[in-house]
Structure formats: structure tokens, C-alpha cells
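Structure record follows, encoded as C-alpha cells.
The values are calculated or read from the model by the stated rules, or taken from the named source; none is laboratory data. What you see is a predicted model; the values in this text were computed from it and never measured. Every residue, glycine as well, gets a Cβ built from its backbone with ideal geometry; the counts of neighbours run over all protein chains shown.
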Amino acid sequence: MRAGMMQVSRREKYEHMREMLNEKQWRHYLALEAQERGSVAQVAQEARVSQNTIRRGLREVEAGERYNTGDRQREEGGGRKQAVEKDASLLTDLESLLEPKGDPMSLLKWTTKSVAHLKEALERMGHEVAETTIRRILRARGYSLRAKKKNIEGTSHPDRDEQFEHIRTTCQEFEQHGNPIISVDCKKKELLGQFKNNGAEWQAKGEATEVNVYDFLSLANGKAIPYGIYDLVHNHGFVNVGIDHDTAEFAVESIRRWWQQRGKALYPGKKALLITADGGGSNGVRNRLWKKKLQELADEEQLAITVAHYPPATSKWKKIEHRLFSFISINWRATPLTSLEVVLELISHTTTTEGLTVTAQKDSQTYPTGTKVTDKELAALRLLRDTFHGEWNYTILPHALPSSDQLI
């Protein structure tokens, strides 16, 4: 029993010492152990090493060799040779298969071929190489796995930066006066039913949710059209979920509902509103109905509405994209949007560590498409265009407001 305890104790000691010493120190330590105990075989068994390792250590100790910091632990040329050293043409053949992508002036490159396909191609060329070796060579040559990034939006307008600066200074002016600032846009339309939603979630074994193979409108129970209003000052989102069409009338109705249900209470007595919006879609720069419906809202609420559109090819820069819509997508990831009630529930429960809160409501009204606004109706609008890109920056005054001095 005591011998067994001693044997276990020595093994634990050897395991502990192995973690503390480098290869040469470890050989010398085992050699000294063998000399003291008079048995190379017993030390080798308990330390779980080859007897040749201990004998080599004995030769080094007898020769007076000592390890100094910075010395080699193995003889020069020791260790397994790399595949590219054993196979002279491996690297050349691999590079011929890679079809490298990327900016030639950048250190970052990537390939469209999988490691498995590269391995098969190299084997056909007479090379014996493992997938792990190919991955190691690729990393050493500056390659990496890359996903496609949606960065190409179109040609930038020459006044893009100036418009961003104009939006920034306008927001600052409104904030200084305590007036509301909102970012608006329509989120992607969603089909209602057992359809796949991007993302993954934890589920018990055998409880995977099954969804339709095809995303056909004919299989849907309807559609949800979330139009969002993000309040930059209060970090609050308001989402009006429609079921018909994304039109300018629907967009302005969503803003009306936000103002009547949230805005008035949050900004009592304020008569100026700043809207930052994309340059296209239902709230687009050229959308006449958008301006006409904003005029109706301005007259109803006696509200001066200033609009600042983002310049072309910058839709991803909108505040609502990063501060509201992205978190809604995270909250409902991998969850089939089976009904409008599910959509409203998931949107309403979207929160962040930064304090975001969201209100969602159903909009059952119909919004017909194809509504035209005549030149006469457009001319009747009380529309004041800014001196800098008046097509992007303008204010719609209520007809009852005597002058533009009461904007802010």
C-alpha cells in the first residue's frame, strides 16, 4: 500500500516538474533521478518517457553540459520538418490553385476555394498533405476566411460630406432648443408564417423548429411592414407595423401616431420637429406625396417640420439602422414570424444595455399605391427650401403660422 502511494506520488511529482522545465532541463532532471535510484527503466515508466530520453540526459550530465538561458534545447535541425521543406513543389502548386483575391497593396488576401477542395487538387498533383497543413500554410501566407461585406452602395455625391455636416449642425441646433429629432425609415417587409428567420438559438435536442422550404407569398398568412421612428434624444423607438403597402401616406401616418402618442408628451409646447430620412422610398427626396402628407400633418398639429435627407449611397449611415432596426433583428433572430401579434411582441420587447425601449402597434389601414400629386397641389405647399441643396433640406410650415421666425 505504501509502495503504491509512493508510486502515485512520484508520478504526480514528475508531471508537475515536466510543466516547469524545458526539454533539456527535463532530461537532466530525469538523469539525476535515475542515478539516485539506480534504475533508468523505473524512472522512465513512472515519468512516462522513453528510456533513450533518460540515457541522453545521462550523457549530457556526464559531459558537464548545462542549460543556459537562450541556448538551444535540441540539436540544430531537430524536430519534424515542415511539409514545404519535404515537398519542394508543394508551395508553388498551392499558390497556383489559390486564385488570390483582394487589394494587391493590402496585406490581407483570401481565396474562394475550400481547404477540402485544395487538398483534393493537390493530391491529384501528387502531393500528400493534410487539411491542417494547408490551413497553416494559408495563414502563414496572409490568407484568411472572409465573408462578403455589403459596402458598395453606389457613386457618392460630391457634396456628401457637406450634407453630413449640415445634418450634424441642424441636429445640434434643434437639441439646444429642446426640440424633437427623429430618424425614420421602413424596415424590410416580413412574410408572416412558418418561414426561416436568419440566426440561431439554443434548443433542446429533438426540438428543432421546422419551417417552409420556400418563401413564397402564396404560403404566407400576410405581411408585416414595420415603419420605425427613432427618437435620438430619448433613445426610444416607435414602430408602426402596417399590413398593406409602404407608401408616403403610411410613412407620415406613422410619424403622426408617434407625435400624438409619444412626441407631444415628451416635448410639451414644442412646435418644431426635425426628421432625418433616407433619400428614397416612401420618404424619398422626389416623393411629392411625402411632402403633401407632411403639410397635412404640419397644419393639423401646427408643427414646423424640417426634413434633412441623407445623400445618395449613404442609407446605412442612418441612426435608425444602427440604434433600432439592428437590435430588432437580433431580438427576433431564428424565430419564425408566424403572426402579426408575434411581430409586435418581439419588437416591443427589444431592449439594449444602453437603455433602448421600443413601442410597437398595429396599423390596419389600407394605403393605396399610385396616388398622384399635381403641380398645383405641390405649389400650394408652404415649403421653404434650404440654400444648401434645397432638394435634400427643407422645412414645411403650417399655413396658419405667420412667419418662419417661429421655427425653433
- Message: Quick check on this structure: which one of 213, 252 is part of a loop (DSSP other than H, G, I, E, B) and of a type in the set (A, V, I, L, M)?
- Response: 213
- Message: Can you name every one of the strands (runs of 3 or more DSSP E) wholly within segment 291-408 that holds 2 or more residues which are in contact with an Asp or Glu (Cβ under 9 Å, 6 or more places away or on another chain) and farther than 30 Å from residue 222 by Cβ?
- Response: 304-309, 393-396
- Query: Restricting the search to segment 213-243, which residues are aromatic (Phe, Trp, Tyr) and surrounded by 13 or more Cβ atoms within 10 Å (Cβ to Cβ)?
  - Reply: 227, 230, 238
- From 86, 109, 119, residue being surrounded by 10 or more Cβ atoms within 10 Å (Cβ to Cβ), charged (D, E, K, R), more than 30 Å from residue 57 (Cα to Cα) and at pLDDT below 80: 109
